[in-house]
Amino acid sequence: MKNRAASMFPVAMLLLLAALTFWLSQVIQGKTPRGPLRHDPDYWVDGLKLRRFDINGKLQHTLVAEKLVHYPDDDTTIVTEPHLTYHQLPPLEIFARMAYIGRDGKEVDLVDDVKVIRQGATDDLPPTLLETKALKVFPDEEKASTKDPVTLTRGASVMHGSGLETDNRTGITVMHGRVTGTLYPNRTKTP
């Protein structure tokens, strides 16, 4: 019986040491989750110029920005002074002071002084200008929407609304709320 108790003593001491180590670990670390707790960038780019091509090698769009900052804790990206150009006919340009890009890049929130300029289909037609405070853009679908007040201007024609949905592929734009404005006919030169 003495041999059995003597052989169990080291096992009991190891269990006691393991329990003490676990307890000390809990006291020191507390109940804080492991991993990054700070919202620090893992990389940034100054003077960004990014070009995206389709599968045939044709230039789709170009993004030029003052600065891009990526945060690994929530996988978000902030872009300062973005200028996005869709190279199509007619060309489309988007400007803002800031852009917040979500995890997968499928959703972009443009904020502060957002301007979208679509050039006229011909040299005779004036460009169309959209101005708003914020615009949510879905780049792959080429769609955008806002619930903020919007102003659309084309030549002397001006429209105001309290929101907007637009589809760049179909060319359909729907303004929401009480829409007001003044429309003038497009006068093109006839031969």
Kirkwood-based Rg to Rh ratio, the chain, C-alpha trace: 1.38
Would you mind getting me the FRET efficiency between D40 and L20? Use the beta-carbon distance for r and R0 = 45 Å, nearest 0.05. 0.80
Rounded to the nearest 500, the 222 nm mean residue ellipticity computed for the chain from DSSP H runs (n ≥ 4, each -39500 (n - 2.57)) alone is -5500 deg cm²/dmol
Suppose every K and R has +1 on its Cβ and every D and E has -1 on its Cβ; what is the size of the dipole of the chain about the Cα centre, in Debye to the nearest 20? 560 debye
Output the 0 to 90 degree angle, nearest 10, between the alpha-carbon long axis of helix 2-29 and the longest principal axis computed from the alpha carbons of the chain. 30 degrees
Hey, fewest Cβ within 10 Å first, where do F22, F138 land in order? F22, F138
For the range 85-191, the Cα gyration tensor yields equivalent-ellipsoid semi-axes (√(5λ), largest first, whole Å) of 25, 17, 11
Taking 52-59, 126-133 and ranking on average Cβ neighbours within 10 Å, highest first, one gets 126-133, 52-59
Given N residues in the range 20-101, what is Rg(Cα) / (2.2 N^0.38 Å)? 1.76
So for the range 43-182, if I pair up every lysine 8 or more residues apart or on another chain, how many of those pairs have alpha-carbons under 18 Å apart? 11
Label-point separation, I55 to K115 (7 Å along Cα→Cβ), nm: 3.7 nm
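Read-outs: derived from the displayed coordinates by stated rules, not from any lab. Quick caveat, the model's predicted, so the values are computed rather than measured. Every residue, glycine among them, receives a Cβ derived from its backbone with ideal geometry; neighbour counts consider all protein chains shown.
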